[in-house]
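Working notes, structure below.
Rule-based calculations on the coordinates, nothing more; no lab input. Worth saying up front: this structure is predicted, and the values here are computed from it rather than measured. Neighbour counts are summed over all protein chains in view; Cβ atoms, including those assigned to glycine, are modelled from backbone coordinates with ideal geometry.
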Amino acid sequence: MGKFDNKVAIITGGASGMGRRMVELFSEEGALVIAADINRDSLQEVDNIEGVEGLYLNVSSEDNWISLTKQVIDTYGKIDILINNAGISSEKTVQDITIEDWDTMMRINSFGPFAGMKHVIPYMMEQKSGAIVNISSYTAQIGMGLNNYSASKGAVRAISKAAATQYGPYGVRVNAVFPGVIQTPMTDGLKESGETLKSLIRATPLQRLGTTEDVAQAVLYLASDNAAYVTGAELVIDGGFSAQ
Ligand SMILES: NC(=O)c1ccc[n+]([C@@H]2O[C@H](COP(=O)([O-])OP(=O)(O)OC[C@H]3O[C@@H](n4cnc5c(N)ncnc54)[C@H](O)[C@@H]3O)[C@@H](O)[C@H]2O)c1
């Protein structure tokens, strides 16, 4: 028996990186997984995985969220799990960030998870159960020089805790995960600067970068019934980097 037999899960950003690994892992555990992503080409690949349906979603569009949730409810009748994972990054400094950069980052990384919760929670309240995991970042907790990105992930941290307290009485759990530097297409650029990569690894107590598996396993735990009494939690997956 799988941990997610008969469960319906939406995973945003499910076509790449850690979202892609979550999609595989959740379907291996028996879930019917909706991999929702803006990248139609990569979506086609995940759509071929058994138990996975790839659906287009731009998380920054409220209309897209309304259509997606309606389609999932019309087809499968319920939504048990929502993983707000889709996101973009930037390493621009304060003086280089334009107003447009700021708005785009906030719209995708902060409004996206908010809109997801807004449109999924009513169904979960009706069911009197649901598990939401929002992917923040360790840069929301420590100063890593990622200005608008850190701000967008700080908002995810705050809305996760607020929603956990508001919807706990309705059986809806909301937790947040804070990955450190994880090897995905998002961090590919690090390979080009060998010295930065080496110094990052040296500065990490567990002496390596994180993998998509490290994060996907943490998310799986929080979304599963093994975490039935866990809500409002902040799980840092960074090899000990931010503990220093
Ligand atoms: N890789 C890291 O080191 C790291 C560290 C901390 C947090 N994170 C966060 O983890 C999450 C996943 O990142 P990843 O490293 O797997 O990156 P990735 O670039 O491999 O995957 C991100 C996915 O999100 C999708 N996406 C982007 N904008 C979207 C939109 N508007 N609507 C729908 N989908 C959209 C992309 O198409 C892609 O499939 C992100 O929220 C990221 O900020 C990553």
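Observations on the structure shown:
- Cα extents of the stretch 60-120 along the three principal axes, largest first (Å): 48, 19, 14
- Rounded tilt (10° steps) of 62-76 against the dominant C-alpha axis of the chain: 50 degrees
- Annotated for the stretch 8-243: lysine pairs at least 8 residues apart or interchain, Cα distance under 20 Å, count 12.
- Using alpha-carbon coordinates, inclination of helix 112-127 to the longest axis of the chain, degrees: 30 degrees
- Net charge of Cβ neighbours under 13 Å - reference Val72; Lys, Arg +1; Asp, Glu -1: 0
- Helix-derived mean residue ellipticity, 222 nm - over the chain, DSSP H n ≥ 4, -39500 (n - 2.57), to 500: -13500 deg cm²/dmol
- In a simple Cβ point-charge model (Lys, Arg +1; Asp, Glu -1; nothing else charged), the stretch 8-243 has a dipole of about 700 debye relative to its Cα centre.
- Descending semi-axes in whole angstrom, ellipsoid equivalent of the chain, from the Cα gyration tensor: 28, 19, 18
- Other residues lying with their Cβ under 13 Å from the Cβ of Ser150 contribute a combined charge of +2, Lys and Arg counting +1, Asp and Glu -1.
- The simple spin-label model puts a point 7 Å past each Cα toward its Cβ; for Gln166 and Lys70 those points are separated by 2.3 nm.
- Along each principal axis, taking the top coordinate minus the bottom one, the Cα set of the stretch 11-133 gives 47, 31, 21 Å in descending order.
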